[in-house]
Amino acid sequence: MVIGKLEQLKALFAEMEQALIAYSGGVDSTLVAKIAYDVLGDRALAITAVSPSLLPEELEDAKIQAATIGISHKIVQTHEMDNPNYTSNPVNRCYFCKSELHDTLKPLAVELGYPYVVDGVNADDLHDYRPGIQAAKERGARSPLAEVGVSKAEVRQLSQQLGLPWWDKPAQPCLSSRFPYGEEITVAKLQRVGRAEIYLRKLGWQNLRVRSEGDTARIELSPEQIKEFILTTDLPSVVSVFQDFGFIYITLDLEGYRSGKLNQVLNRQALGAKS
C-alpha cells in the first residue's frame, strides 16, 4: 500500500512539472523534497523560512538534509513577529504564521516561474487542530502527502525505504508552540526556550519539549524516560542553567511529552460550551 502511495506522489509531481517546496527540514517536508527532486531534478526548489521561532539547529539540519538529497535550497526571512495577531498568541496563531509564510513564498514562486507551492502537511494533520492549513489553502498551496492520504507513520516508513537517515527524526514544531495561548510571544522568550531545549539535547535527551509559562519552564520527556532523567541527571545543574537562561521555576511534567498538549485547553473549552 505504501509503495502505491509513493507512485502516486511521483505521478503528482510529474504532473506539476515544477514545484517550490515549503521546506522546514522536518521529516514530512523533507520526504516531499526528496520525492520532488527524484522526479523533477533541478525543476524542484526547497525554501526554508527563517525567523526567531525556528531553532538554529533545525536550520542546520535542513541545510544538511537538502544537500544530502541534492535539491536546490534557498533561505528566506519571514516576519511574523511583526504581526500583533501572531505575537498575542491567540488560539489561531498558526493561521497568521502560515499566512506570512505563504505570502512570502507565493510571490517568490511566481517570480522564479514555479506554478506550485507545496508543503509537508500529511493526512493525520487534517484531523488535528491546524489553523495554518487553512491559510496555506487560501493561498493556493498544495499538500501532496495529504492529497495521497499519507499518514505520519507512512511518512516515516517511506523515508526509511528511500534511505533517508532522518526517517525517525522527532517532530519539531516552531518554538511558539511552547507557550500557552494568550501569553505574548517575544523574541527573548523564544530564544530562552530554544537555548533550554538545545541544552537538554546536548545532554542526550531528544524527544522533548520545554514549555514556557511566565517565569516557569516545564520539561516534557517521553514517559518512559522520566525515571531515568531523575536518576541520572544532575538536577541542580539543570536548574542553574535554566535560571541563567532567565527562568525562575523549573519543573518536570509527570505525564510526559505528548504532541499538541497545549491544545487540550481548547477541548475543555469546547466541552464547557456544550454543557
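The values are calculated or read from the model by the stated rules, or taken from the named source; none is laboratory data. Computed from a predicted model, the values in this text were never measured in an experiment. Every residue, glycine as well, gets a Cβ built from its backbone with ideal geometry; the counts of neighbours run over all protein chains shown. Heads up: the accessible areas ignore ligands, DNA and RNA and are worked out on the full protein's heavy atoms, side chains in. Shrake-Rupley method; radii C 1.70, N 1.55, O 1.52, S 1.80 Å.
For this structure, a couple of remarks:
- Looking at segment 175-265, the DSSP beta bridges with both ends there are about 60 percent antiparallel.
- Value of [θ]222 nm, deg cm²/dmol, for the chain, DSSP H segments ≥ 4, -39500 (n - 2.57) each, nearest 500: -15000 deg cm²/dmol
- Computed about its Cα centre, the charge dipole of the chain is approximately 300 debye, with only Lys, Arg, Asp and Glu carrying charge at their Cβ.
- Counting DSSP beta bridges with both ends in the chain, the antiparallel % (nearest 5): 25
- With every protein chain in place, segment 175-265: carbon and sulfur % of accessible area (1.4 Å): 55
- Where N is the number of residues in segment 2-162, Cα Rg divided by 2.2 N^0.38 Å: 0.98
- Shape of segment 87-162 from the C-alpha gyration tensor: oblate (a/c of 1.5 or more and a/b not above b/c, with a ≥ b ≥ c the square roots of its eigenvalues).
- Normalised per residue, the accessible area of the chain is 48 Å², obtained with a 1.4 Å probe and no contribution from ligands, DNA or RNA.
- Each residue was assigned an accessible area with a 1.4 Å probe, and for residue 78 the value is about 10 Å².
- Relative intensity, log₁₀ I(q)/I(0), of segment 111-220 from a Debye sum that treats every alpha carbon as a point, q = 0.17, 0.19 Å⁻¹: -1.05, -1.13
- For the set 102, 73, the ranking by accessible area, highest first and with no ligand, DNA or RNA atoms included, is 73, 102 under a 1.4 Å probe.
- Per-residue SASA entry for residue 244, accessible area with 1.4 Å probe, Å² rounded to 10: 120
- Multiplying each eigenvalue of the alpha-carbon gyration tensor of the chain by 5 and taking the square root yields semi-axes of 32, 21, 19 Å, largest first, rounded to whole angstroms.
- Area of residue 203 that stays accessible when all protein chains are in place (1.4 Å probe, Å², to 10): 90
- Karplus-derived 3J(HN,Hα) values for segment 178-187, using 6.51 cos²θ - 1.76 cosθ + 1.60 with θ = phi - 60°, are 8, 10, x, 3, x, 8, 4, 9, 10, 4 Hz; glycine and proline are entered as x.
- Set of lysines near residue 106 by C-alpha distance (under 29 Å), chain-local residues within fewer than 8 positions excluded: 5, 10, 34, 63, 74, 98, 137, 152, 169
- Annotation: extensible slack from residue 191 through residue 76 equals 39.5 nm (criterion: 0.36 nm per residue apart, minus Cα-Cα distance).
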